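K.L.:
The following block contains the structure, expressed as structure tokens.
The numbers here are math on the coordinates, done by the rules we state, and not lab data. Given the structure is predicted, the values throughout are model-derived calculations rather than measurements. Methodologically, a virtual Cβ is constructed for each residue, glycine included, from the backbone with ideal geometry; neighbour enumeration extends over all protein chains shown.
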Amino acid sequence: MNKRERTLAAINHIQPDRPPIYVSLTPQIAEVLSAKLCTVYEEPIDAMESARISHMELLTKMGVDIVAIAPTAPPDGLTITLPDGKLKNEWGMIMRNVGIYSEFVEFPLAHAITKQDILNYTFPDPNAAGRYDLAAQMMKTYSGNYGVIGDVETMFFEMSWYLTGMEKFLMDLMLEEEYQAQLMDTIMNYIIVAGKKLIEMGVDILWCGDDFGSQQGMIMDPETWRSVFKPRIKYMFEEFHKVRPDIKIAWHSCGSILPIIPDFIEIGLDILNPIQPLAHGMEPLFLKNTYGKDLTFFGGIDVQQLLPYGNPQTIRDEVRRRIDILGKGGGYIVAPAHNIQPDTPVENVMAFFDAVINPG
């Protein structure tokens, strides 16, 4: 099997020779790995999903089977550095670098109260010139030999609070403030355009997502999710399937989201990510036995304890155990449950790859 054949088998619940691998990296660990493997370090790509689509030359050398493409900031919308050192992206979000990631410090729609406040705001154009140039180049390089994910994660829940502030957005959600529907629908329509474009380009999987879970449970009650978010997600899935009925759709949500997994299946989800191992109830055997006929699982390898603090043999053993459980009969993409962090030793990263590629 080549890498794409392996990917297609897995997501169609056919047993591949081994599960396909997908990995994403923080820039810091990418730089260390590049030096170790004598590969030129590449700066992260300017995109909302930067970590997912950066460092592909390095990752393909390491052995991934799946690469990701995504819309990027267009030439006239690149992230800029402000005089005080903060960063401002094309959405107007202002961040500061805190080491591993940048954190939001100023929210351009923190004042929003009415629908008109949203209508008065200038949002990025999903069809801006140059937004899909890199995606097209990557498709030309990788499609056919690799599985390809089109990434439009960070959707109308997370993007909304990136624009308003999380505390404000969640409080206003409970108060049913007027501006919220307009804000979420504006972002949703941007994502629909971007997702359709990537499907038309020929991706094998469209990767959607918003984080609805915490370590212990959902960050909102399931009924709020069902009334506000589920109908919009269902509508997006329907729009994506209009472009290609057989497109496989993945959803990323960190944390424990057990109450709404059946809802996702009901509205047409194919692939669930990231299967955060230490989140409450996200136990692989339970998930495989309960939902394995309906869902492909994507992730499942712990980045909180196992990868940074385990020894290489422990990592090999645990990765192989997860493959035995989640990979039975296909339906598994093996991946860390988040970007690999800079506290992860190089030998542990290599042990992850070794465990999958050389099952022993």
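K.L.:
Starting with the fewest neighbours, write out Tyr309, Tyr190 ranked by other beta-carbon atoms found within 10 Å of each beta-carbon.
P.N.:
Result, fewest neighbours first: Tyr309, Tyr190.
K.L.:
Then there's this: Which net charge results when you count Lys and Arg as +1 and Asp and Glu as -1 among the other residues whose beta-carbon is under 13 Å from that of Met236?
P.N.:
Charge balance in the 13 Å sphere: 0.
K.L.:
Any idea how far the Cα center of segment 10-76 sits from the one of segment 90-148, in Å?
P.N.:
Distance between centres, Cα-based: 19 Å.
K.L.:
Beyond a 32 Å Cα-Cα separation, which of these cross-linked pairs lie in this structure: Lys115/Lys196; Lys61/Lys242; Lys86/Lys140?
P.N.:
Lys61/Lys242; Lys86/Lys140
K.L.:
Estimate the FRET efficiency between Asp117 and Glu200 by the formula 1/(1 + (r/R0)^6), using the beta-carbon distance for r and 41 Å for R0, to the nearest 0.05.
P.N.:
Given R0 = 41 Å and the Cβ-Cβ separation, E is 0.80.
K.L.:
On to the next question. Could you compute the net charge surrounding Asp324? Neighbours are other residues with a C-beta less than 12 Å from the C-beta of Asp324; K and R count +1, D and E count -1.
P.N.:
So the surrounding residues net to +4.
K.L.:
Also, I was wondering about something else. Quick one: order Val152, Val228 by neighbouring beta-carbon count within 10 Å, fewest to most.
P.N.:
Ranking Val152, Val228 by Cβ neighbours within 10 Å, fewest first, gives Val228, Val152.
K.L.:
Where a ≥ b ≥ c are the square roots of the eigenvalues of the C-alpha gyration tensor, would you call segment 100-243 rounded, which needs a/c under 1.5, or, failing that, prolate if a/b is larger than b/c, or oblate?
P.N.:
It is prolate, given that a/c is not under 1.5 and a/b is the larger ratio.
K.L.:
How much net charge surrounds Ile187 when only the other residues with a Cβ under 11 Å from the Cβ of Ile187 are counted, with Lys and Arg +1 and Asp and Glu -1?
P.N.:
Every neighbour counted, the sum reads -2.
K.L.:
Is segment 288-338 best put as rounded, prolate or oblate by its Cα gyration tensor, with a ≥ b ≥ c the root eigenvalues, rounded for a/c under 1.5, and otherwise prolate when a/b is larger than b/c, oblate when not?
P.N.:
prolate
K.L.:
Let me ask another. When the helix-only estimate is applied to the chain (DSSP H runs of n ≥ 4, each -39,500 (n - 2.57), divided by the residue count), what is the mean residue ellipticity at 222 nm, nearest 500 deg cm²/dmol?
P.N.:
-11500 deg cm²/dmol
K.L.:
Can I ask one more? Within 10 Å of each candidate Cβ there may be at most 14 other Cβ atoms; applying that plus a DSSP loop requirement, which trypsin sites (Lys or Arg not before Pro) in segment 151-228 survive?
P.N.:
none
K.L.:
Still on this structure, please answer the following. Apply the a/c threshold of 1.5 to the C-alpha gyration tensor of segment 208-279 and tell me whether it is rounded, prolate or oblate.
P.N.:
Taking the square roots of the gyration eigenvalues as a ≥ b ≥ c, segment 208-279 is oblate.
K.L.:
In whole Å, how far is the Cα centre of segment 291-331 from that of segment 155-189?
P.N.:
34 Å
K.L.:
List the residue ranges in the chain for DSSP H helices whose C-alpha atoms run 24 angstrom or more along the long axis and whose Kyte-Doolittle average is -1.0 or above.
P.N.:
Sorted by number, the helices that extend far enough and score high enough are 179-201.
K.L.:
While we're on this one: What does the extension gain come out to for Gln313 and Asp84, with contour length at 0.36 nm per residue minus their alpha carbon separation?
P.N.:
Extending this stretch completely gives an extra 77.8 nm.
K.L.:
Where does each of Thr224, Thr72 land when they are ranked from fewest to most other beta-carbon atoms within 10 angstrom?
P.N.:
Thr224, Thr72
K.L.:
With springs connecting C-alpha atoms under 10 Å apart, model the chain as a Gaussian network and identify which of Arg131, Arg244, Arg316 has the largest mean-square fluctuation.
P.N.:
Arg244
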